[in-house]
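Throughout, read-outs are computed from the coordinates displayed, never taken from laboratory work. This structure is a prediction, so every number in the text was calculated from the model and none was measured. All Cβ positions, even for glycine, are placed from backbone atoms using ideal geometry, and neighbour counts span all protein chains on display.
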Amino acid sequence: MKSKIRVSNFMRTNVLATNSNTTVQEAAKTMDENNVSSLLIEDEGKITGIVTERDISMARYVFDTASRSTVKEIMTSPVVSIDPDSSILDAAELMDRKQIHKIPVIKDGKLAGIISATDLVMLFSTFEKEELEKKFGYLIDKNTD
């Protein structure tokens, strides 16, 4: 049975993007200042890549000149994306199949949001808890004083 819960219901819409000529150092600063773990790379109105904290950490380790290196050199491209009308299970399966943790949500060729593995884990754990309470709530002692 497929989930009827759509990606659009749980995606984050406050997504930061930069262009591929941004330095790794500038990207790291932007991510830190905005408390995000990834930046989408957008060139000429199209999402061309994604760069994550892990990519930046690796770049700092590999490149002695991370301040001059650009995100184009370290970004993941092409980007795997998903439609906002896809189910959250489709998103989870895509992440598992492609071994990725974040998926940009694209609608009509435009960036609509992003959904992450963390978002899905939190969502699934909430549903699991609610399901367990529905099925086995009678076994839980409500008087724990």
query = Per 10 Å bin, what percent of the C-alpha pairs of the stretch 1-93 does each bin hold, from zero upward?
reply = 16, 41, 28, 12, 2, 0
task = Quickly rank 78-85, 51-58 as a protection proxy: mean count of other C-beta atoms within 10 Å, highest first.
result = 51-58, 78-85
request  = Could you tell me which of the pairs Lys72/Lys102; Lys46/Lys72; Lys4/Lys110 are separated by over 21 angstrom between their Cα atoms in the structure shown?
outcome  = Lys4/Lys110
query = Stretched out fully, how many nm does the piece from Lys29 to Asp108 gain, at 0.36 nm a residue minus the Cα gap?
reply = 25.4 nm
request  = Give me the net charge of Val24's neighbourhood, meaning all other residues with Cβ under 9 Å from the Cβ of Val24; Lys, Arg count +1, Asp, Glu -1.
outcome  = -1
